[in-house]
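*Asks:* Please read through the structure below; I'll follow up with questions.
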Amino acid sequence: MSGHDTTEPTTTADEQARRWRLVLGAAAEAEAGGLADADDLAMDQALGSLYNAGDAEGKRAGGLGGSAPRVARWLGDIRRYFPSTVVEVLQRDAVDRLELTQLLLEPELLEAVQPDVHLVGTLLGLNSVLPETTRATARVVVHQVVRAIEQRIAAHTRAAVSGALNRAARTTRPKPRDIDWDKTIRKNLAHYLPEQRTVVPERLVGYGRTAQAVRRDVVLAIDQSGSMAASVVYASVFGAVLASMRALRTSLVAFDTEVVDLTEHLTDPVDVLFGTQLGGGTDINQALAYCQSLITRPAETLFVLISDLYEGGIRAEMLRRIHAMRESGVQVLVLLALSDDGAPAFDHDNAAALAALGVPAFACTPDAFPELLAVAIDRGDVHAWAQTRARDR
């Protein structure tokens, strides 16, 4: 269980009792026995500070107290004794269970926290109240998380999207230098002449010479209500990656009950994130109205709405706008979440209404999003792709 233990744990009865004792806390000491190792005692104290249930009246027996130095020491302890994946869960639980949000406004505490997507979401929710002494530290934390996400998704995204754009630019009347011989041979295998040991290409396949042209427009509309925090982080990084591709014209809009166009900040996803303000209500219809004004080439536009679909605006108008986009030739994707957080909560009635319009709404992980983008840009069957992904999980 310890983060610094590199040996395989034993599975003896004593080891099992030790594990149960750490999981269940002091209440299990009579059955599981006590803890003798100093590291085990420190781990138990760190867990007890967060999870002790308290007395019969529900009052907490443990707790981290109200001072930042004590919290900072606790953060240091859990990073010492637990692996990073566990640290992220403990930090998240500490913010939720012990109401440590205000302490995150202190720079010395932020420096002790292990950065992750959910911490970034918490900081973005505090964006408007961050003091200047903390803002610089908060930017460092957000920057670390953003760079980690970029390393995870950027190369895959560029490769998948570039491949789809190249396929979309194929022509059946290419110049000799533009012939894709591999694709041409595959398309003409039925015309193989055994006696000649050759393929007679009745149909040539090649690439258009439009590498420098903007081939597709992408509009990302991100719901920045509090429940969408992780999706906002990932979508902002994806937006920056797409904006770096010259063959795409990418726009990014964040909305709650107001609409903020963050397209000019796409050169730096950290700036994009600090341009958002998590929390508040949701007016999807108003956001759609603004996004419609950005669409000048409907047949070449991919519109991606990332929202849990809890609409606080005019529902009928929201559905009408989605329908109008589809009728004009815009490809419309609706993602209920873009995160690794598992099945999201969402408005099932609105999701069903969109499906009736031919727009399936589903959640997508960041690792799968590049493939989804490629299918959409290739004008493939997004609904079939989503069903296949769901079956494979």
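The values are calculated or read from the model by the stated rules, or taken from the named source; none is laboratory data. Keep in mind that what you see is a predicted model, and the values were worked out from it rather than measured. Quick reminder, even Gly has a Cβ in these numbers, built from the backbone with ideal geometry, and neighbours come from all protein chains shown. Calculation scope for accessible area: heavy atoms of the full protein, side chains included, ligands and nucleic acids excluded. Shrake-Rupley method; radii C 1.70, N 1.55, O 1.52, S 1.80 Å.
*Asks:* Looking at L110, L100 in this structure, which one is open to solvent by less than 30 Å² (accessible area, probe 1.4 Å) and modelled with pLDDT under 80?
*Replies:* Numbers: L110 fails: modelled with pLDDT under 80.
So the residue among L110, L100 that is open to solvent by less than 30 Å² (accessible area, probe 1.4 Å) and modelled with pLDDT under 80 is L100.
*Asks:* Sticking with this structure for a sec: From the list A94, A136, which residue is part of a helix (DSSP H, G or I) and open to solvent by less than 10 Å² (accessible area, probe 1.4 Å)?
*Replies:* After applying the criteria, what remains is A94.
*Asks:* In the stretch 319-341, which residues are assigned to a helix (DSSP H, G or I), open to solvent by 10 Å² or more (accessible area, probe 1.4 Å) and of a type in the set (A, V, I, L, M, F, W, C)?
*Replies:* L319, A324, listed by residue number.
*Asks:* Looking at V145, V141, V161, which one is open to solvent by less than 70 Å² (accessible area, probe 1.4 Å), modelled with pLDDT of 85 or more, assigned to a helix (DSSP H, G or I) and touching a strand residue (DSSP E or B) at 6+ places or on another chain (Cβ under 9 Å)?
*Replies:* Among V145, V141, V161, only V161 is open to solvent by less than 70 Å² (accessible area, probe 1.4 Å), modelled with pLDDT of 85 or more, assigned to a helix (DSSP H, G or I) and touching a strand residue (DSSP E or B) at 6+ places or on another chain (Cβ under 9 Å).
*Asks:* Please pick out the residue among A46, A68 that is closer than 26 Å to V145 by Cβ and at pLDDT below 70.
*Replies:* Of A46, A68, the one residue that is closer than 26 Å to V145 by Cβ and at pLDDT below 70 is A68.
*Asks:* Looking at the stretch 274-318, which of the residues that are of a type in the set (A, V, I, L, M) and over 18 Å from S231 (Cβ atoms) is most open to solvent (accessible area, probe 1.4 Å)? Give the steps one after another, and end with the answer.
*Replies:* Step one: of the stretch 274-318, the residues of a type in the set (A, V, I, L, M) are 278, 284, 287-289, 294-295, 299, 302, 304-306, 309, 314, 316, 318.
Subset that is over 18 Å from S231 (Cβ atoms): 289, 294-295, 299, 314, 316, 318.
On the way: A289: 38, L294: 52, I295: 29, A299: 59, I314: 101, A316: 73, M318: 4 Å².
Across the stretch 274-318, the extreme among qualifying residues is I314.
*Asks:* Additional query: Anything in the stretch 251-287 that is closer than 24 Å to L354 by Cα, in contact with a helix residue (DSSP H, G or I) (Cβ under 7 Å, 6 or more places away or on another chain), β-branched (V, I, T) and not in a helix (DSSP H, G or I)? List them, or say none.
*Replies:* V253, V259
*Asks:* For the structure I just gave you, tell me whether I222 is within 27 Å of A159 (Cα to Cα) and modelled with pLDDT of 95 or more.
*Replies:* So I222 fits the description; yes.
*Asks:* Just to be sure I understand the filter: pairs with C-beta atoms under 8 Å, separated by 6 or more residues or on different chains, first member in the stretch 271-282 and among the aromatic types (F, W, Y), second member modelled with pLDDT of 90 or more. Which pairs pass?
*Replies:* Close Cβ pairs (under 8 Å, with a partner that is modelled with pLDDT of 90 or more) amount to F274/R139; F274/V142.
*Asks:* Which residues, taken from the stretch 342-377, are loosely packed, with under 14 Cβ neighbours inside 10 Å and part of a loop (DSSP other than H, G, I, E, B)? Walk me through how you get there before you give the answer.
*Replies:* Going through the stretch 342-377, the residues loosely packed, with under 14 Cβ neighbours inside 10 Å turn out to be 342-343, 345, 348-349, 352, 356, 358, 367.
If the condition is that a residue be loosely packed, with under 14 Cβ neighbours inside 10 Å and part of a loop (DSSP other than H, G, I, E, B), then G342, A343, A345, G358, D367 are the ones that fit.
*Asks:* Also: All but one of (1) under 32 Å from the mean Cα position of the chain (by Cα); (2) at pLDDT 75 or above; (3) surrounded by 12 or more Cβ atoms within 10 Å (Cβ to Cβ) hold for L35, so report the exception by its number.
*Replies:* So L35 meets the others, but not (1).
*Asks:* Here's something else I'd like to know. Residue check: is D271 among the acidic types (D, E) and crowded, with 21+ Cβ neighbours inside 10 Å?
*Replies:* no
*Asks:* Would a scan of the stretch 251-261 turn up a residue that is acidic (D, E) and crowded, with 20+ Cβ neighbours inside 10 Å? Talk me through it step by step, then tell me what you get.
*Replies:* Filtering the stretch 251-261 down to residues acidic (D, E) leaves 256, 258, 261.
Keeping just the survivors that are crowded, with 20+ Cβ neighbours inside 10 Å gives 256.
Yes, some residue in the stretch 251-261 is acidic (D, E) and crowded, with 20+ Cβ neighbours inside 10 Å.
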